[in-house]
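No lab work stands behind these numbers, since they all come straight from the coordinates. Note that the structure is a prediction, hence the values are computed from the model and not measured. All Cβ positions, even for glycine, are placed from backbone atoms using ideal geometry, and neighbour counts span all protein chains on display.
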Ligand SMILES: Cc1cc2nc3c(=O)[nH]c(=O)nc-3n(C[C@H](O)[C@H](O)[C@H](O)COP(=O)(O)OP(=O)(O)OC[C@H]3O[C@@H](n4cnc5c(N)ncnc54)[C@H](O)[C@@H]3O)c2cc1C
Ligand SMILES: Cc1cc2nc3c(=O)[nH]c(=O)nc-3n(C[C@H](O)[C@H](O)[C@H](O)COP(=O)(O)OP(=O)(O)OC[C@H]3O[C@@H](n4cnc5c(N)ncnc54)[C@H](O)[C@@H]3O)c2cc1C
Ligand SMILES: Cc1cc2nc3c(=O)[nH]c(=O)nc-3n(C[C@H](O)[C@H](O)[C@H](O)COP(=O)(O)O)c2cc1C
Ligand SMILES: Cc1cc2nc3c(=O)[nH]c(=O)nc-3n(C[C@H](O)[C@H](O)[C@H](O)COP(=O)(O)O)c2cc1C
Ligand code: FES
Ligand code: FES
């Protein structure tokens, strides 16, 4: 059994396999299928300062090897989270990380501040890359000054590990990653979904109520992998890689490209047990190749 | 039989179905499989001022619902094209459009100038979006000033229809499209491939000799569709849509989103007859829905 | 209720019409308790265009044989693949998902189960269950024509079966809501599943006669377990997930204009 | 040579070993002329991870029966699907693709056909063809062990068959290039197909004895018809496409260090 521990800032992971925000609910939805304590962490649903109803139905479209979503951050707000959800999940023996979103910098700050008080929340993930809300969201993740501002302010307000989730909808993701690092983020996670669209040719209407939505799933994996690789050569803080991971081989590819840990998103829908399978699969790979620790493969791509 | 004619600048298409540069050779490679005169046009392989050997092998990787390529514009140069290839293809009864690439603005200009003399080449497609060459290529397509410069200069040098092919690897494709329109392009085509990467986890090496390459195929269709939709609301010149089109329904989706014509790329590899099937499929759709002309569905998406 | 991921084995694939098949599946392990109205998320293998699982209603369960039935209507490539499954092949399912139809408190309540098209699927198991609990069950099944009236003999086992067809080739001609039964009888409970326009018409009828009305909604789903929030419908409590708060809704909870 | 897209029908899928199957396919139309060394681009249906066609060599052709054989080695999901094809199913192929092995001008030339692993596939049709033209054919087939020596009785029909296995369980022990035949005889023409290290060793031997040597290269391909330029190899003329200028190369045209 190889050593699967990985540290991200002050965050200690028993293994690098975590689940992505918006695809794993609050973890408990999956408790019938897996032992949640076997995974490295759970990124819970995007949380905002106030309750949000999200976008109207339809919010989902299937695409070749992927899907579009336009959920639009439906959630009951951070206070409800703290009062009603946190108590029910805080004793799950893994890292619970809250994904924080907002329409203004102040909303981000306020939400982050409130989460400071939660003993069992070791980190937040700042979602500056959601393509599915009208204001804020992706706008912060596609401009260096905007990203700098929100990260700087939240860094002041939030005391634990701060992970910033980057948008792939940019010309140069390394630029944003560097800005985010400079403003004090402890880690970056990438990628969020790619802005995309689906049309029903027969009805001549967009499939999503919002016309465009966010693309995820294996279709985007080659793009995500490239971005992780680029960012790994641009910043020193750890990277959490995600985008289309469907099996242990995919996860290992992200780590070879430079990710210290990974998240599984859309794959949870197809196989709710996929996360623990990845833990086993990574371990098997390490043994087969004679690695003592999972950290040995981080950035170990041979480009000679 | 609906009217399938479409005009793009001075370019008259008998139907909106064309084949994408780099995926259809010089057309003759497909002559055994289809009657080339049945399609609207053929975009031939990327052509540069001098011969190029392209990138070392391996140049290709299969990905979920797509592929990466890193061909790197292998071609024998524009003079060879004019002397040896043009005579062999000029009498194909369809529009032959040359895809022009370069590492410097001067290379683009020189190549375009030489093509002026060819009577049977009604248009060129300026490739400012190739992710697979070290200098130039995509760099021109990801910055507004660079795009402006190359289009302005080539516009002066080239007298026939000028189509500019946009890169999807940008934060805001509408910005580039507007610049290109302002500098006198007659049409834009989009999208070229998305910069991406593939890794062999067992050997811990990149699959492509160039580490990164360009992603194409149905995986990218939702992104391409979104970009066509965005650009259609930003410029007045016609749009040629492409990216992952596999069947007539896909093609119709692009036209509903605002494309006046479409190109088929990767799909040619899986079904060499796909282009003529699309012509028939579009015609069938138009009849079934009672449209007299294919131009009726351009931009006809109902977003009420 | 605990959810399970099972590899069911196909015992029989019975072609009912050009468009419909009945899949009879056996579970290697004892089937968990499943209530009428619940559904399964089915993984479709071997289809290059089907990426997500497909929600399919529980059509019937035979606990003695440990068998489960799905009624499949071929719509696109996913359901086409399901319709091509052969005896001996496996089908990976997550179940039981969603809520369920409610059981009237008063066992003398008069009940009507109205289904149209593939919407008849959950009503068989519901009817069987209600009969077992001592209720008198009335089915009203609608379809385009006689060939689309599926599994009639199965429904016959659990209650009175009334039929309408659009072309009049079986039962009364017209839509379900025009059936003479609705004029001659009164009902306390109406359960319905089928195309939305049909369910709206049924709901309007139910409102008129002041019957309690439960509808089973369809919706595009990714996870099926309340994790993705893709499958919402508008309700009196705002956006709620059809996969967890539904698929069965008391009509008073929905914001339908009826 | 004109290329065709054909829907071949599977007549038989013969399991040769755990890893290899022989597919016998029939063409509804008359098979076109196909030369030894050429290949087909095969479409793989029903695999969600296989997007592009797969290049597969012509193993044998029986023009009288209008039958074509593929020898398939299961490597990944694409070849796995091909190995699961059942009699009666269709297989969509584009053929004939690529160039072909050359025929010696001197019909008294002594020939050796060396194959390793799945590389033996094109050599059967080549041997049959050469024999029909009056040449004496020698096959030297290598594999890991006796079970991996495929189709030996077929090769027997067209020439002398020499065998090496790495474990010595059939023929001589060791690699093909260590076979005693190479010491005792001389050859004018050597044709080889198999893993690159093996072909390089064969090429070195050929250079030593001054035999003409043709190798058949494998390469990742997208189109298979010279349109995409994905499948290049480095040659004395620069980058050339393996799918059109190859797969067969005279060793003098390649830039191999041997
Ligand atoms: C709770 C629930 C229970 C269900 N129970 C059953 C059941 O018991 N039996 C059964 O056969 N089906 C049932 N369905 C519907 C079934 O899930 C869909 O028909 C299936 O997902 C379609 O998948 P596909 O790949 O065949 O078609 P797709 O390729 O996904 O769709 C093909 C085309 O049909 C359209 N389409 C998709 N879904 C529907 C739909 N539901 N109605 C009309 N058009 C649609 C799409 O927009 C697309 O244009 C149920 C759905 C839900 C939500
Ligand atoms: C001209 C030509 C003729 C061929 N003739 C035959 C034939 O007659 N019979 C036959 O079985 N195969 C033949 N092949 C090889 C065959 O095309 C590949 O094995 C096949 O494409 C693999 O597809 P897959 O989906 O099974 O594996 P993939 O999923 O594509 O690959 C699985 C793994 O194997 C690796 N891989 C891919 N191709 C090869 C390879 N060729 N050798 C070793 N590892 C590989 C990949 O990198 C990957 O890691 C031929 C190839 C060429 C170019
Ligand atoms: C239905 C759905 C909802 C999502 N909601 C969120 C969210 O609330 N916050 C966030 O940062 N990312 C959200 N995402 C993005 C995922 O966390 C992830 O970045 C993306 O899906 C790419 O990973 P994948 O391809 O493995 O799914 C959502 C994705 C999906 C599919
Ligand atoms: C093998 C290959 C080679 C290509 N070469 C060129 C090229 O020379 N010039 C160019 O503008 N685009 C080139 N492209 C991009 C395509 O023309 C097209 O923009 C892209 O593949 C997206 O369309 P598709 O998904 O339909 O393939 C190439 C694509 C592929 C797959
Ligand atoms: S389908 Fe995911 S929440 Fe209902
Ligand atoms: S595979 Fe396309 S050129 Fe050879």
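Descriptive notes on the structure:
- Cα-only Debye scattering, segment A:6-297: base-10 log of I(q)/I(0) at q = 0.13, 0.14 Å⁻¹: -0.83, -0.97
- Relative contact order for chain D: 17 percent, from Cα pairs under 8 Å spaced at least 6 residues apart, divided by residue count.
- The Rg/Rh ratio of segment A:69-194, with Rg taken over Cα atoms and Rh as the Kirkwood radius over Cα pairs, comes to 0.95.
- Relative to the longest principal axis of the Cα atoms of chain D, the long axis of helix D:196-209 lies at roughly 40 degrees.
- Distances between copies of residue D:184, taken at a point 7 Å out from Cα along the Cα→Cβ vector and listed shortest first: 9.8 nm.
- Relative to one another, the C-alpha centroids of segment C:35-102 and segment B:5-51 are positioned 45 Å apart.
- Residue of B:139, B:70, B:31 that the Gaussian network model of chain B assigns the largest fluctuation, springs spanning Cα pairs under 10 Å: B:31
- Alpha-carbon geometry of segment D:4-97: the Rg and the Dmax are 12.2, 37 Å, given in that order.
- DSSP-defined beta bridges in chain B - what % are antiparallel, rounded to 5: 40
- The Cα-based radius of gyration of segment D:111-215, divided by its Kirkwood radius, gives an Rg/Rh of 0.93.
- Per residue of peptide A:188-200, the mean number of Cβ atoms on other chains within 10 Å of the residue Cβ is 4.
- Segment A:181-264: translational diffusion in µm²/s, Stokes-Einstein, Kirkwood Rh over Cα pairs, 10 °C, 1.306 mPa s: 114
- Rg [Å, one decimal], Dmax [Å, integer] - segment D:156-238, C-alpha atoms: 15.9, 45
- Restricting the calculation to Cα atoms, segment A:101-163 shows an Rg/Rh of 0.96 when the hydrodynamic-style radius is the Kirkwood one.
- Mean separation of Cα pairs under 8 Å and 6 or more residues apart, divided by the residue count, gives segment D:4-97 a relative contact order of 41 percent.
- Beta bridge orientation in the protein assembly as shown: antiparallel %, DSSP, nearest 5: 50
- Residue mean of other protein chain beta carbons inside 10 Å, C:231-237: 3
- Protection proxy ranking, highest mean first, for peptides B:161-168, A:233-240: B:161-168, A:233-240, where packing is the per-residue count of other beta-carbon atoms within 10 Å, averaged.
- Angle between chain C longest axis and helix C:121-132 axis [Cα atoms, degrees, rounded to 10]: 70
- Averaged over the residues of A:264-273, the number of partner chain Cβ atoms lying within 10 Å of the residue Cβ comes to 5.
- Nearest-first distances (nm) between copies at residue B:93, label 7 Å from Cα via Cβ: 7.7
- Each distinct pair of alpha carbons in chain C adds a 1/r term; the inverse of their mean, the Kirkwood radius, is 18.6 Å.
- Directionally averaged shadow of segment A:223-299, computed from the convex hull of its alpha-carbon atoms, nm²: 4.8
- Distance between modelled label sites at residue D:144 and residue C:15, nm, 7 Å Cα→Cβ extension: 4.3
- Antiparallel bridges, percent of DSSP beta bridges restricted to segment A:1-132 (to nearest 5): 40
- Stretching the chain fully between residue C:84 and residue C:257 yields a gain of 58.3 nm (0.36 nm per residue, less the alpha carbon separation).
- Part-to-part distance (alpha-carbon centres) for segment B:208-262 and segment B:176-205, which is given in Å: 11
- Over chain B, Cα pairs under 8 Å with separation of 6+ residues give a relative contact order of 20 percent.
- Its Kirkwood hydrodynamic radius, worked out from the mean inverse distance over all distinct Cα pairs, puts the protein assembly as shown at 32.0 Å.
- Helix-only arithmetic for chain C: the sum of -39500 (n - 2.57) across DSSP H runs with n ≥ 4, divided by the residue total, places the mean residue ellipticity at 222 nm at -4500 deg cm²/dmol.
- Other-copy label distances relative to residue D:209, 7 angstrom Cα-Cβ extension, nm: 9.4
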